[in-house]
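The values are calculated or read from the model by the stated rules, or taken from the named source; none is laboratory data. Given the structure is predicted, the values throughout are model-derived calculations rather than measurements. Note that we place each Cβ from the backbone using ideal geometry, even for glycine, and neighbour counts take in every protein chain shown. To get the accessible areas, we keep the full protein, side chains included, count just its heavy atoms, and leave off ligands, DNA and RNA. Shrake-Rupley method; radii C 1.70, N 1.55, O 1.52, S 1.80 Å.
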Amino acid sequence: MIVRLIKSIAMATAVTVAVCGTLSAQITDGLDFSEIEQWRLRTDNILRFCQLESNPTAAVDSRVGEAIAQRLLLNASFAVLGDNYGIGGEYAAQDIYVNLVNDCDIILGMGIGAGLYPPEFTTTRPYVGFAYVGVARAGSISNLSEISEAASIGGPVGSYGFTALTRYVATLPSTRRPRLLPYGETNLMLTRLRDETIDAMVIYGPVLAERLKNSSAQDIATFDLAPQAPATVNIGGLMLSDNTYLRTTVDAAIASMIADGTIETIVADAGFANLPFSAGGY
């Protein structure tokens with residue numbers, strides 16, 4: 001389970017990490033079948049979406065869901081799922097399975113990658129990809145090559161971006177390695193950047209945008225982690241693996257939205273236009 005959990009660090013959301021952590025067991029083990037509500041009345045003209053409670057890409061995901069439903073000439077409904085499972089992720093996969101039967105056709109905003117989910121699940125094609133970015137005080141650092149051995153760099157503990165940075169720093173000569181400091185809270189990390197406790201930080205782009213949307217950011221600037229420590233996350237939808245027809249039609253809708261520029265417009269309307277992103281994923 002630990003190996004699988006480490007692989008899942010690439011994902012952006014806590015629930016994705018939790019689901020991936022259960023890959024070594026069957027989802028049906030420990031599933032309370034009394035929670036499955038197959039008897040629920042379904043209408044064919046509604047596409048049911050769920051979103052994770054604390055997902056930083058929620059503003060993009062909901063707009064994508066609305067656009068998918070419109071392309072398929074369907075109405076859209078949305079429900080919010082809790083995601084407070086912690087790093088162990090016990091029972092997360094079972095809960096997601098129940099949600100995909102009872103409440104959702106698709107869970108939006110999930111990380112997409114090979115081998116990340118149990119076989120009971122499948123994913124749509126990615127509709128967007130976002131990157132981790134470096135952040136420094138304005139006018140100080142513009143790329144990783146400018147960071148000296150005397151510098152300190154913060155990052156979210158266990159995150160994909162911080163892991164990529166750690167691997168890069170390990171390739172440097174021992175006399176050229178900056179100090180890496182893991183943080184458990186983004187606002188604290190920003191405070192430490194501004195009070196000069198740390199010289200730079202790495203953060204998932206949408207998380208940074210969410211933290212700064214109601215505050216001034218003139219005192220800080222972002223920089224690209226590539227080519228030294230690129231870290232990108234492709235985002236799509238999660239559904240049950242036996243829902244093959246719906247996945248095919250949704251993938252076609254997403255492809256058309258990528259081709260005609262709808263995804264770029266959605267990202268801009270959500271306030272993420274200044275973030276590094278790729279329509280259709282990286």
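Here are some residues: Phe277, Phe272, Phe223. Which one is open to solvent by 40 Å² or more (accessible area, probe 1.4 Å) and of a type in the set (Phe, Trp, Tyr)?
Numbers: Phe272 fails: open to solvent by 40 Å² or more (accessible area, probe 1.4 Å); Phe223 fails: open to solvent by 40 Å² or more (accessible area, probe 1.4 Å).
Selected residue: Phe277, the only one of Phe277, Phe272, Phe223 that is open to solvent by 40 Å² or more (accessible area, probe 1.4 Å) and of a type in the set (Phe, Trp, Tyr).
Hey, among Asn214, Asn243, Asn187, which residue is without any contact (Cβ under 8 Å) to a residue 40 or more places away in the chain and within 25 Å of Leu108 (Cβ to Cβ)?
The conditions single out Asn214.
Among the residues of the stretch 160-179, which ones are surrounded by 14 or more Cβ atoms within 10 Å (Cβ to Cβ) and either part of a helix (DSSP H, G or I) or modelled with pLDDT under 95 (or both)?
Tyr160, Gly161, Phe162, Thr163, Ala164, Leu165, Thr166, Tyr168, Val169 - these are the residues of the stretch 160-179 that are surrounded by 14 or more Cβ atoms within 10 Å (Cβ to Cβ) and either part of a helix (DSSP H, G or I) or modelled with pLDDT under 95 (or both).
For the stretch 145-159, give me each residue that is open to solvent by less than 20 Å² (accessible area, probe 1.4 Å) and either in a loop (DSSP other than H, G, I, E, B) or among the small types (Gly, Ala, Ser) (or both).
Those that are open to solvent by less than 20 Å² (accessible area, probe 1.4 Å) and either in a loop (DSSP other than H, G, I, E, B) or among the small types (Gly, Ala, Ser) (or both): Ile147, Ala151, Ser152, Gly154, Gly155, Ser159.
Looking at Thr244, is it open to solvent by 50 Å² or more (accessible area, probe 1.4 Å) and touching a Gly at 6+ places or on another chain (Cβ under 7 Å)?
Answer is no for this residue.
Go over the candidates Thr197, Thr248, Thr265 one by one and state the one that is in a loop (DSSP other than H, G, I, E, B), at pLDDT 95 or above and hydroxyl-bearing (Ser, Thr, Tyr).
Every option except Thr197 fails the conditions.
Arg63 - would you say it is under 13 Å from Leu100 (Cα atoms), of a type in the set (Lys, Arg) and modelled with pLDDT of 90 or more?
no
In the stretch 91-135, how many residues are without any contact (Cβ under 8 Å) to a residue 40 or more places away in the chain and in a helix (DSSP H, G or I)? Can you show your working first?
Start the filter on the stretch 91-135 by keeping residues that are without any contact (Cβ under 8 Å) to a residue 40 or more places away in the chain, which leaves 95, 114.
Still in the running and in a helix (DSSP H, G or I): 95.
Summing the residues that are without any contact (Cβ under 8 Å) to a residue 40 or more places away in the chain and in a helix (DSSP H, G or I) in the stretch 91-135 gives 1.
Among the residues in the stretch 215-232, are any at pLDDT 95 or above, touching a Lys or Arg at 6+ places or on another chain (Cβ under 7 Å) and within 21 Å of Gln51 (Cα to Cα)?
Scanning the stretch 215-232 turns up no residue that is at pLDDT 95 or above, touching a Lys or Arg at 6+ places or on another chain (Cβ under 7 Å) and within 21 Å of Gln51 (Cα to Cα).
Are any residues in the stretch 200-211 in a helix (DSSP H, G or I) and in contact with a helix residue (DSSP H, G or I) (Cβ under 7 Å, 6 or more places away or on another chain), and if so, which ones?
Val207, Arg211
State which residue pairs qualify: first residue more than 20 Å from Thr122 (Cβ to Cβ) and inside the stretch 250-270, second residue among the aromatic types (Phe, Trp, Tyr) and open to solvent by 40 Å² or more (accessible area, probe 1.4 Å) in any location, beta carbons under 9 Å apart, and separation of 6 or more residues or different chains.
Ile263/Phe277; Glu264/Phe277; Val267/Phe277
Keeping to the stretch 180-193, report how many residues are of a type in the set (D, E, K, R) and modelled with pLDDT of 95 or more.
1
Those residues that are farther than 30 Å from Arg167 by Cα, of a type outside the set (S, T, N, Q) and not in a strand (DSSP E or B), I need them from the stretch 230-245; list them, please. Spell out how you get there, then give the answer.
Taking the stretch 230-245 first, the residues farther than 30 Å from Arg167 by Cα are 239-245.
Next, from what is left, pick out any that are of a type outside the set (S, T, N, Q): 239-240, 242, 245.
The answer is Asp242, Tyr245.
Pull up the stretch 258-269, narrow it to residues that are under 18 Å from Ala58 (Cβ atoms) and aliphatic (A, V, I, L, M), then point me to the one that is most open to solvent (accessible area, probe 1.4 Å).
Ala268
Looking at Ile198, is it farther than 30 Å from Phe49 by Cβ and in contact (Cβ under 8 Å) with a residue 60 or more places away in the chain?
Spelling it out, it is not the case that Ile198 is farther than 30 Å from Phe49 by Cβ and in contact (Cβ under 8 Å) with a residue 60 or more places away in the chain.
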